[in-house]
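Read-outs throughout are calculated quantities, based only on the coordinates presented, and are distinct from any laboratory measurement. As the structure is a prediction and not an experimental result, all values here were calculated from the model. Reconstructed Cβ throughout: ideal geometry from the backbone, glycine too, with neighbour counts over all protein chains shown.
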Amino acid sequence: MINIDWNSFTPWTALSGGVLIGIAAAILIIFNGRIAGISGILAGLLAPQKKETLWRAAFILGIVATPFIWSSFATLPAIQIDAGYPVLIIAGLLVGIGTAYGSGCTSGHGVCGISRLSLRSIVATISFMLAGFVTVYIVRHLIGA
Amino acid sequence: MKFSLVSLISGLLFGAGLLLSGMANPAKVLGFLDVTGAWDPSLALVMGGAILVGLFAFSFAKKQTVSVLGFDMKLPKTTAIDKRLIIGSIGFGVGWGLAGFCPGPALVAFGAGETKAIVFVAAMIAGIAAFQVVERKRRTG
């Protein structure tokens, strides 16, 4: 039984933010011929290849600088992090190792891969989505209950 | 120069999209992943919006051998659906479900100066680096 939380549902900002993400990925592939896969770009910075470092650093810098630029024009949207430090460290390690082992994350597989109609990326996206659903179910409704 | 400038612009727009959409807020991400609780479906629309644009961009890109600016078109060639892909993705999904952060949003929150995001990003980078060390050892045997 699905119970939608209508008070939290923000369809227009979600959709327009998504379109903006799509435009960002489109710009990178059309002008530069590169995939906007954030975990892959980070991994590439840690194991640098010739001529592939500067664009990666510039892309990551862009993402990291966004809140600074945003807050000079408007109020920064809420960033609420409820997890404690031990959980954050375990989660960070899992996200790092998992995306490296599985060759991608929400951006590389989820956005770019599905847009390419790659079956491999569709399988990856289903895998991490289901794992996310199950994890939240266990944490909130089995342990937290 | 152009190559890096385009990347910087792409990164900035990507980050802005993450902030606008609510994806950079772990509480909202967990609300989306909580399908059996009070479910917030917003983030399905983030993926939908991004893929809608992406479908056009990638169908164009697939037909090119070089990018509009003349750089080589690097589209992934791997099609394997193997143990690494699935186990890696599941591991990532568990981490995502624990903290509500995937790599992009974590970097945005890091940029916003959130201490917890800084810790998460440090652990994430340590995870990627550890993986690379193990892989290099495995290859050189």
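Observations
- You will find that of A:G22, A:G17, the residue that is facing chain B (nearest Cβ under 7 Å), of a type in the set (G, A, S), without any contact (Cβ under 8 Å) to a residue 24 or more places away in the chain and part of a helix (DSSP H, G or I) is A:G17 and no other.
- Those residues of the range B:1-20 which are within 17 Å of the chain's Cα centre (by Cα) and in contact (Cβ under 8 Å) with a residue 24 or more places away in the chain, in sequence order: B:F14, B:G15, B:G17, B:L18, B:L19
- Filter pass, B:M23 being touching a residue at least 60 places away in the same chain (Cβ under 8 Å) and either closer than 21 Å to A:N3 by Cα or surrounded by 23 or more Cβ atoms within 10 Å (Cβ to Cβ) (or both): yes
- Check on B:I128, hydrophobic (A, V, I, L, M, F, W, C) and crowded, with 23+ Cβ neighbours inside 10 Å: yes
- Filtering A:A124, A:A83, A:A58, A:A100 for residues that are closer than 18 Å to B:A129 by Cβ and either under 19 Å from the mean Cα position of the chain (by Cα) or buried (at least 19 other Cβ atoms within 10 Å of the Cβ) (or both) leaves a single hit, A:A100.
- Here A:G33 meets the list (1) among the small types (G, A, S); (2) over 16 Å from the mean Cα position of the chain (by Cα); (3) crowded, with 22+ Cβ neighbours inside 10 Å almost entirely, failing just condition (3).
- Taking the range A:68-101 as the range and being among the hydroxyl-bearing types (S, T, Y) and not in a loop (DSSP other than H, G, I, E, B) as the test, the residues that pass are A:S71, A:Y85, A:T99, A:Y101.
- Helices (runs of 4 or more DSSP H) contained entirely in the range B:33-141, each with at least 2 residues that are in contact (Cβ under 8 Å) with a residue 40 or more places away in the chain and out of contact with any His (no Cβ under 6 Å at 6 or more places or on another chain): B:83-99, B:103-111
- The residue of the range B:53-85 that is surrounded by the fewest Cβ atoms within 10 Å (Cβ to Cβ), among those that are closer than 29 Å to A:S16 by Cβ and among the aliphatic types (A, V, I, L, M), is B:L69.
- Of the listed requirements (1) within 7 Å of chain B (Cβ to nearest Cβ); (2) among the aromatic types (F, W, Y); (3) not in a helix (DSSP H, G or I), A:F59 misses just one: (3).
- Residues that are within 30 Å of A:R140 (Cβ to Cβ) and touching a residue at least 24 places away in the same chain (Cβ under 8 Å), drawn from the range A:31-83: A:G37, A:I38, A:S39, A:I63
- A:I114 vs. criteria buried (at least 19 other Cβ atoms within 10 Å of the Cβ), out of contact with any strand residue (DSSP E or B) (no Cβ under 6 Å at 6 or more places or on another chain) and under 17 Å from B:V46 (Cα atoms): yes
- Note on the range A:1-14: residues that are within 7 Å of chain B (Cβ to nearest Cβ), polar (S, T, N, Q) and either in a loop (DSSP other than H, G, I, E, B) or touching a residue at least 12 places away in the same chain (Cβ under 8 Å) (or both) amount to 2.
- A:G108 meets each of the listed conditions (1) more than 7 Å from chain B (Cβ to nearest Cβ); (2) free of Cβ contacts under 8 Å to residues at least 60 places away in the same chain; (3) among the small types (G, A, S) apart from (2).
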